[in-house]
Amino acid sequence: ERLVIILMPSKTDEDEFTKLKYISGGMMHTAELSIANARMELSLFARVIDKISVSFNALFFDNPKNKNKLLKKIKKLEDVTDRIEMEISGYLTKCAEGELSTAASKRIRSMLKVINEMERIADIFYQLSLLSERMDDQKIKLKDEAKSELQKMSDMVYDSIKQMRLNLELKPSDL
């Protein structure tokens, strides 16, 4: 598979998220290793959220010529987040079926919460993109002051997404 990926790189950004990277091979021998692999998937999941955020900001604030393409990209990425949430949640649920330490059990609960929240963020960006499309269809324009305020809020959200990515890339011992 790796040879195919090297010889035939993805054609779109979304292609790189069609398969989970660390947990697709199944459960590891210990719950701790399985949890560590799931945590690495969370970092990849955060990259999808980052891409949705960037795509939405381009759609809403940059007035691109390719709005339909961006809308389709956001929808596709949101669909990917739905699938990722289901797969990682299922994997973590299987991890929880075995004997776990109290710390491992807490990590699993925390990771399930994070996964749920990341998927909610993707849903919200998708709903906002649909709202943007309706505003365009109805020729509704925001006043410059309102758009400026929304840009500031969007920048803060994006800064938070970047911080989330950084936090998810830390080793548990670094927390």
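The values are calculated or read from the model by the stated rules, or taken from the named source; none is laboratory data. Predicted model, so just to flag it, every value in this text is computed and none were measured. Positions of Cβ are backbone-derived with ideal geometry, glycine not excepted, and every protein chain shown enters the neighbour counts. With ligands, DNA and RNA removed, areas are computed over all heavy atoms of the protein, side chains included. Shrake-Rupley method; radii C 1.70, N 1.55, O 1.52, S 1.80 Å.
Here are some notes:
- Members of segment 121-147 that are open to solvent by 70 Å² or more (accessible area, probe 1.4 Å) and either part of a loop (DSSP other than H, G, I, E, B) or not basic (Lys, Arg) (or both): Ile124, Gln127, Leu131, Asp137, Gln138, Lys139, Ile140, Lys141, Lys143, Asp144, Glu145
- Residues of segment 153-175 that turn out to be surrounded by 10 or more Cβ atoms within 10 Å (Cβ to Cβ), without any contact (Cβ under 8 Å) to a residue 60 or more places away in the chain and among the charged types (D, E, K, R), as a count: 2
- Residue match in segment 23-35 (condition: open to solvent by less than 70 Å² (accessible area, probe 1.4 Å), modelled with pLDDT under 95, more than 22 Å from Gln163 (Cβ to Cβ) and of a type in the set (Asp, Glu)): no
- Considering (1) in contact (Cβ under 8 Å) with a residue 12 or more places away in the chain; (2) over 19 Å from Leu20 (Cβ atoms); (3) open to solvent by less than 60 Å² (accessible area, probe 1.4 Å), the lone condition that Ala96 does not fulfil carries the number (2).
Conditions tested, residue by residue: (1) over 20 Å from Ala58 (Cα atoms); (2) out of contact with any Lys or Arg (no Cβ under 6 Å at 6 or more places or on another chain); (3) modelled with pLDDT of 95 or more.
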{"residue": "Lys94", "(1), (2), (3)": "yes, yes, no"}
{"residue": "Ser101", "(1), (2), (3)": "yes, yes, no"}
{"residue": "Ile108", "(1), (2), (3)": "yes, yes, no"}
{"residue": "Ile115", "(1), (2), (3)": "yes, yes, yes"}
{"residue": "Asp123", "(1), (2), (3)": "no, yes, yes"}
{"residue": "Ser132", "(1), (2), (3)": "no, yes, no"}
{"residue": "Asp136", "(1), (2), (3)": "no, yes, no"}
{"residue": "Lys147", "(1), (2), (3)": "no, yes, no"}
{"residue": "Leu168", "(1), (2), (3)": "yes, yes, no"}
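- Test: residue in segment 59-82 that is open to solvent by less than 40 Å² (accessible area, probe 1.4 Å), under 30 Å from Thr30 (Cα atoms) and in contact with an Asp or Glu (Cβ under 8 Å, 6 or more places away or on another chain): yes
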